[in-house]
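**Q** Pasting a structure here, questions to come.
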Amino acid sequence: MLITPSQLIDEPLAIDEAIPAGALEYAPDIRQIGPLTVTGQADLILEHRSASEQVQDIRLRASYRGELEVLCARCITPVLTPLQGQFDLIFRPESADAEAGERAITADETEIGYYNESGLLLEDAVREQVLLSLPGRTLCKPDCKGLCPRCGQNLNLESCNCAETSQDPRWNALAGLAQKLVN
């Protein structure tokens, strides 16, 4: 859904969308299961910079709800993750702050996103908020044993036949060093 300032001049735009599974690409280990519902509204905020210049910011306030399938960080088993959240964001036209060179920004300006000439894509804002709301690491269970580093067997399902104490041959050169230092 494309949101443009011209849509918001007379009144706020009500948002009631269902983003279908597969419409947004999150990450290789994250998959949306079923629709992601988004409800809220978009408003136009006019910022008067001078008598002849005004900037049309878009304020997007919405909530979302859906389910994602995230791969376990240890054993790569899919984990169903219910998700819901809300956000209140301000977006400014890219051209409004496009000054040449470096400049300092205020703390308030760090909270502003930007949209291009054609407008703001709701899906882009929602995708970003969904990714920010996910935990940094998802586990299928707190005591997940993960995969065997040698054969790849899921150790939650069964043990593997790999030697428990196999030694990395790269350490062989240092094997007798401790004895030599003591003598």
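Nothing in this text is a laboratory measurement; each read-out follows from the coordinates by a stated rule. No experiment lies behind these values; they were computed from the predicted model shown. In this analysis, Cβ positions are derived from the backbone assuming ideal geometry, glycine residues included, and neighbour counts consider all displayed protein chains.
**Q** Could you work out which residue, out of 95, 50, 118, moves most in a Gaussian network model of the chain, that is, has the largest mean-square fluctuation with Cα springs under 10 Å?
**A** Checking each option, the largest mean-square fluctuation is seen for 50.
**Q** Would you mind checking the range 57-81 for residues with the amide N under 19 Å from a putative spin-label position 7 Å along Cα→C-beta of residue 112?
**A** Correct set: 57-61.
**Q** Full extension from residue 63 to residue 171: what is 0.36 nm times the residue separation minus their Cα-Cα distance, to one decimal in nm? Working shown, then result.
**A** Details: separation 108, 0.36 × 108 = 38.88 nm, distance 5.42 nm.
Taking residue 63 through residue 171 to full extension adds about 33.5 nm, to one decimal.
**Q** Mind telling me which of 170, 61, 49 comes out most flexible in a GNM of the chain, alpha-carbon contacts under 10 Å?
**A** Looking only at 170, 61, 49, the biggest GNM fluctuation is shown by 170.
**Q** Place a point 7 Å from the Cα of residue 81 along the Cα-to-Cβ direction; which residues of the range 9-36 have their backbone N under 16 Å from it?
**A** 22, 24-34, 36, by backbone N distance to the label point.
**Q** How much mean residue ellipticity at 222 nm does the chain get from its helices, if each DSSP H run of length 4 or more adds -39500 (n - 2.57) and you divide by all residues, to the nearest 500 deg cm²/dmol? Before the final figure, lay out each step's value.
**A** Values: 2 runs with 18 residues, N = 183.
One gets -3000 deg cm²/dmol as the mean residue ellipticity at 222 nm.
**Q** Then there's this: Please arrange 17, 111 by how many other C-beta atoms lie within 10 Å of their C-beta, fewest to most. Could the numbers behind the result be given before it?
**A** Working: 17 17, 111 10.
Result, fewest neighbours first: 111, 17.
**Q** Give me the angle, in degrees from 0 to 90, between the Cα long axis of helix 122-133 and the longest principal axis of the Cα atoms of the chain, rounded to the nearest 10.
**A** For helix 122-133, the angle is close to 40 degrees.
**Q** Which order results if 130, 55 are arranged by neighbouring Cβ count within 10 Å, fewest first?
**A** Going from sparsest to densest Cβ surroundings: 55, 130.
**Q** A further question on this structure: Averaging sequence separations of C-alpha pairs under 8 Å and six or more residues apart, then dividing by the length of the chain, give the relative contact order as a whole percent. Don't skip to the end; give the middle numbers.
**A** Details: 280 pairs, mean separation 33.2, N = 183.
Over the chain, the number comes to 18 percent.
**Q** Between residue 139 and residue 51, 0.36 nm times their residue separation minus their Cα-Cα distance comes to what? Don't jump to the answer; show the numbers that get you there.
**A** On the way: separation 88, 0.36 × 88 = 31.68 nm, distance 5.58 nm.
Going from the current span to full extension adds 26.1 nm.
**Q** Computed over the Cα atoms of the chain, what is the ratio Rg over Rh, Rh following Kirkwood? Don't skip to the end; give the middle numbers.
**A** Numbers: Rg = 25.6 Å, Rh = 20.9 Å.
Rounded to two decimals, Rg/Rh equals 1.23.
**Q** What's the FRET efficiency of residue 6 with residue 31 using the Cβ-Cβ distance as r and R₀ = 35 Å, to the nearest 0.05? Before the final figure, lay out the partial values.
**A** On the way: r = 35 Å, r/R0 = 1.01.
With R0 = 35 Å, the Cβ-Cβ based efficiency is 0.50.
**Q** Give me the number: length gained by fully extending residue 156 to residue 18, i.e. 0.36 nm times residue separation minus the C-alpha to C-alpha distance, one decimal in nm.
**A** Values: separation 138, 0.36 × 138 = 49.68 nm, distance 3.63 nm.
Length gained, residue 156 through residue 18: 46.1 nm.
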